[in-house]
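Here is the structure we will look at, set down as C-alpha cells.
The values are calculated or read from the model by the stated rules, or taken from the named source; none is laboratory data. Computed from a prediction, not measured in an experiment: that's the story for all the values here. Cβ coordinates were reconstructed from backbone atoms using ideal geometry, including for glycine residues, and neighbour counts include every protein chain displayed.
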Amino acid sequence: MRLLFFCAVLILSIAAMACGDDEDMGDSGNSRLKVVATTVQITALTQEVGGDLIELHGIIPAGTDSHEFEPTAGDLRAIEEADVILKNGIGLDDWIDDTLGASEAEPVTVTAGIETIEGGLADHEEEAEDEHTQDPHVWQDPANAQIMVDNIAATLSDADPENADAYEANAEAYNTTLEETRNEVQAIIDEISREDRKLVTNHDAFGYFASAFSLEVVGAVIPSLTTGAEASAEDTAALLETIERENVKAIFAESSVNSGLARTLADDANVTIVDDLYGDSLGEQGSGAETVHGMLLANARKIADALK
C-alpha cells in the first residue's frame, strides 16, 4: 500500500510540473509585441493603433528637439529587444541605423508613400551636397499622418497577424479623428483674413501645415530643415526686410527650440512673438497637444490668435 501511495504522489507531481510548464508557455506565447518608435509623433500614432496589444517604447520624448537628440542606454536596450522598429526617415532619424546593435528587427519607415516637399536646405548652396533637402516634418499635414497610421497598422499586422483586425480597426478610427481634425483646423485658419495668412517660423518645420491649410511661409529665422544650422547676418537682414514688406504680424517659434534669435527679430521688427508652437515635438501629457490631432489643433489656435 505504501508503495502504491508513493507511486500516486510521484504521478501527481509529474502532472503538476507539466501543467506548470504549459502555463509558462502560455504566458510566453501571449506576450505583447515589443515595438520601438523613434519620434514622439510616431510613438503617439503607434499608441493609437496598437493600444494595449503592444509594449511600446518611444525613444524621443515630448518637448525634445529631434534634430539634436541622442539615444540613452535604455533606448539601445529596447532597440535590441524590439520585434518592430518604426522610424520617420527623410533624414530626421537616420541615427537609428547606427544603433541597431544585435537587434534582429529592421527599421520600417512609416512615411513611405508620402509625397515630400523641398525645404530650406534646397535654397542654400553652402550646405553640404549630401544633406537632405526633403522636408521630414510630414505629420504636420493630417493626410500624411493618415498614411503613417496605415503604414503602422500594416507593420503591426504583419508582425502580429493574430491581432491584425484590431490594429486595422484602431487605424480606421484614428484616421477618422484626423479627418475631423483637418476640418476643424481649416475652420480655425479660415478666421484669418487672406492677406494676413503669412508665416515666419523659427526653422522650416511648417511647410506641410501651410500647404494643407492655405497659409504662406514667407521666411524662417533659421532657413534650414534642421535646428542645428545657423542664420547668417545676411539671412537675418533679408528676413527683416521680408517681414516689413509682407506686413507680417508675428514670428512663430517652437517650444522645443531656443527662441532667442526669433525673439530678438520680433523685437526689431516690432511684431508679435509666439514661441510655443509644436514643430518637431508634441506637448507633455495633459497639455492637450500630446497627440498628433491635439497638436494640430493647438498650433492652429495659436497661429489664428496671432494673425487675426
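Points to keep in mind about this one:
- Note on the range 51-107: among residues that are among the aliphatic types (A, V, I, L, M) and loosely packed, with under 14 Cβ neighbours inside 10 Å, the one that is farthest from the chain's Cα centre (by Cα) is A102.
- If you go through the range 156-176 and keep only what is closer than 14 Å to Q47 by Cα and out of contact with any Phe, Trp or Tyr (no Cβ under 9 Å at 6 or more places or on another chain), you end up with A166, Y167, E168, A169, N170, A171, E172, A173, Y174, N175.
- Test result for G207, closer than 25 Å to Q41 by Cα, surrounded by fewer than 16 Cβ atoms within 10 Å (Cβ to Cβ) and outside the structural domain of T177 (by TED's automatic domain parsing): no
- Residue ranges of helices (runs of 4 or more DSSP H) in the range 210-308 with at least 3 members out of contact with any strand residue (DSSP E or B) (no Cβ under 8 Å at 6 or more places or on another chain) and modelled with pLDDT under 90: 233-245
- Cross-chain or 6+ apart pairs with Cβ under 9 Å, the range 50-77 first and in contact (Cβ under 8 Å) with a residue 24 or more places away in the chain, then exposed (fewer than 13 other Cβ atoms within 10 Å of the Cβ) and part of a helix (DSSP H, G or I): H57/G74
- Among residues that are in contact (Cβ under 8 Å) with a residue 40 or more places away in the chain, of a type in the set (S, T, Y) and farther than 21 Å from G63 by Cβ, S281 is not included.
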